[in-house]
Amino acid sequence: MERSFKIGCRVVFFDSVRVAHDAIVTNWFHAGPDGQTVEEAMQGAKDQGVTSPFWMPCCNVVIVSHDTTKTDPYGRQIERHTSVSYGRQQGTSFLGMCWAWPDEEEEAKQLAAKSFDAAVAR
């Protein structure tokens, strides 16, 4: 799967209770490199002298509501989430309110479950 920062690309959004939703990106933040692949963005950062790890930008996403009672004349309502951070860059990976690439979904679900179990055990 090509990972690129394009408006309209598909990502997976994890809500506040770690449920995964298919999402569409409506905006990339932090100098979001619209249209660039992850590799191109990383190389651009290196060319500018950035030596720290590459940080994925935040994004705004839109999802179709899973609540079947939320409808309008156009069908199921949509929900918007703003300034969504990349799940691997959270203090606790994929704990919620974050995004992941579609090919990371299963691994992200496992990391989220592990993080939740560790938090409950405390």
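The values are calculated or read from the model by the stated rules, or taken from the named source; none is laboratory data. Just so it is clear, the structure is predicted and the values come from calculations on it, not from any experiment. Using ideal geometry, Cβ is built from the backbone for each residue, glycine included, and neighbour counts are taken over all protein chains shown. Each accessible area value is taken on the protein alone, full model and side chains, heavy atoms only, with ligands, DNA and RNA left out. Shrake-Rupley method; radii C 1.70, N 1.55, O 1.52, S 1.80 Å.
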Query raised in the report: Name the residues in the stretch 59-91 that are in a loop (DSSP other than H, G, I, E, B) and among the hydroxyl-bearing types (Ser, Thr, Tyr), would you?
Result: SER65, THR68, THR69, TYR74
Query raised in the report: In the stretch 75-93, what residues are closer than 18 Å to ILE24 by Cα, more than 9 Å from the chain's Cα centre (by Cα) and either open to solvent by less than 10 Å² (accessible area, probe 1.4 Å) or of a type outside the set (S, T, N, Q) (or both)?
Result: GLY75, ARG76, ILE78, GLU79, ARG80, HIS81
Requested in this report: May I ask you to list the residues in the stretch 107-121 that are modelled with pLDDT of 85 or more and surrounded by 16 or more Cβ atoms within 10 Å (Cβ to Cβ)?
Outcome: ALA108, LYS109, LEU111
Query raised in the report: Can you find even one residue in the stretch 68-76 that is under 15 Å from ASP22 (Cβ atoms) and either at pLDDT below 90 or of a type outside the set (S, T, N, Q) (or both)?
Result: yes
Report summary line: Among the residues of the stretch 1-55, the number that are outside any helix (DSSP H, G or I) and without any contact (Cβ under 8 Å) to a residue 24 or more places away in the chain is 9
Report task. For the stretch 29-74, name all the residues that are touching a Lys or Arg at 6+ places or on another chain (Cβ under 9 Å), under 15 Å from ILE7 (Cα atoms) and open to solvent by 80 Å² or more (accessible area, probe 1.4 Å). Result -> ASP34
Query raised in the report: Could you count how many residues in the stretch 56-107 are at positive phi and touching a residue at least 60 places away in the same chain (Cβ under 8 Å)?
Result: 3
**Report entry** Number of positions in the stretch 1-14 that are of a type outside the set (A, V, I, L, M), closer than 24 Å to ALA113 by Cα and open to solvent by less than 30 Å² (accessible area, probe 1.4 Å)
**Finding:** 2
